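The values are calculated or read from the model by the stated rules, or taken from the named source; none is laboratory data. What you see is a predicted model, and the numbers here were worked out from it, not measured in a lab. Backbone-built Cβ (ideal geometry, glycine too); neighbour counts: all protein chains shown.
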């Protein structure tokens, strides 16, 4: 594995710290975080390393089943054909033969009666749900199998063995992400399209940052317990190129504050939903 910053998009990028860690989950979760960041930077799946995506979705499969069973994976992916393919490819590549056989058993349960799958995906997950229970028939087998054929361990070993992998010190990871994001030729158009589809809160925060001359990096969390002018309200925290900030709505305005000193930065009219 090279320590160079590579320019090719189809390469697995790992942090040196995660590769050196004795915890297999560290390298798997680093890849998950890196792929999530590339998607947030508006790269398309076709522009991200196929191997990185394969590892990402095998881990997603594991997390979904451990959290809510095989049926939850089916429901939350909408049984997306590309995701299903990536999971199967990953299990085969990682030599998780028993997991692959079990996944294919679940695939048969899902695909055998398309009408039941459609009914399941269009309905509520919780409550009385015979389709969910039917798809969950393999879940207990999964738990027992994962104790003998640990997917995290297999995933980590496979990730580290990828030809041409780029191992980067953690301090340089942001640079690697930005280099890939800036290489998108139509990035402004993608940003405009994404913003047009974004929730109202995201649009307000973008507008506040533009008004203040800041560059928005990310929205980090919502705090429903924030107090503003003696009343409790929702505060949306976000990071810009000038530090941590938050937004509250009050008196028909969206107001941006600096996070640490709570100093007011700027404000704009808070247009109602549908007007932004």
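Worth pointing out:
- Scanning the stretch 78-99 for residues that are surrounded by fewer than 21 Cβ atoms within 10 Å (Cβ to Cβ), within 23 Å of residue 45 (Cα to Cα) and in contact (Cβ under 8 Å) with a residue 12 or more places away in the chain gives 78, 79, 82, 83, 84, 88, 89, 93.
- Exclusive hit being over 15 Å from residue 15 (Cβ atoms), modelled with pLDDT of 95 or more, assigned by TED's automatic domain parsing to the domain that holds residue 23 and assigned to a helix (DSSP H, G or I), set 117, 145: 145
- Filter result (without any contact (Cβ under 8 Å) to a residue 24 or more places away in the chain and under 21 Å from residue 193 (Cβ atoms)) within the stretch 206-220: 206, 210, 219
- Scan of the stretch 152-195 for residues that are touching a strand residue (DSSP E or B) at 6+ places or on another chain (Cβ under 8 Å), crowded, with 18+ Cβ neighbours inside 10 Å, assigned to a helix (DSSP H, G or I) and at pLDDT 90 or above, ordered by number: 159, 173
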